[in-house]
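Here the structure comes first, spelled out in structure tokens, and everything after it is commentary.
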Amino acid sequence: MVELRKSTVSEDDYGPLDAGWDARLECIRLSDNPYAINNWKYYEWEKGWKLADDTVVDAPELPGSQ
């Protein structure tokens, strides 16, 4: 399994993209983005989530998806 970025990236370098990546691996839905849509972090988080979804072959199934 792919490690979470919060385990491999220093706290100073960990950003919204990394948080989005980790969220996807923790089975958090894209629609559960914690940032407001008018915040630049929203788009970075979303980018990280989608990157993990597209990249990680053995990413866990999201609840409710069959």
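The values are calculated or read from the model by the stated rules, or taken from the named source; none is laboratory data. Note that the coordinates shown come from a computational prediction; the quantities given were computed from them, not determined experimentally. In this analysis, Cβ positions are derived from the backbone assuming ideal geometry, glycine residues included, and neighbour counts consider all displayed protein chains. Areas reflect the complete protein model, heavy atoms only, side chains present, ligands, DNA and RNA absent. Shrake-Rupley method; radii C 1.70, N 1.55, O 1.52, S 1.80 Å.
Give the residues of region 40-52 that are farther than 22 Å from V2 by Cα and among the charged types (D, E, K, R), sorted by residue number. Across region 40-52, the qualifying residue is only K41. Residues that are exposed (fewer than 13 other Cβ atoms within 10 Å of the Cβ) and not charged (D, E, K, R) within region 28-40 comprise S31, A36, I37, N38, W40, listed in sequence order. Within region 41-66, the set of residues being loosely packed, with under 15 Cβ neighbours inside 10 Å, of a type outside the set (S, T, N, Q) and in a loop (DSSP other than H, G, I, E, B) comprises V56, V57, D58, P60, E61, L62, P63, G64. Hey, can you tell me all the residues within region 24-39 that are more than 20 Å from K6 (Cβ to Cβ) and either hydrophobic (A, V, I, L, M, F, W, C) or under 12 Å from the mean Cα position of the chain (by Cα) (or both)? Residues satisfying the conditions are S31, A36, I37. Just so you know, in region 6-21 the residues that are in contact (Cβ under 8 Å) with a residue 24 or more places away in the chain and assigned to a helix (DSSP H, G or I) include one that is least open to solvent (accessible area, probe 1.4 Å), and it is G20. Residues in region 23-40 that are outside any loop (DSSP other than H, G, I, E, B) and of a type outside the set (G, A, S): R24, L25, L30, D32, W40.
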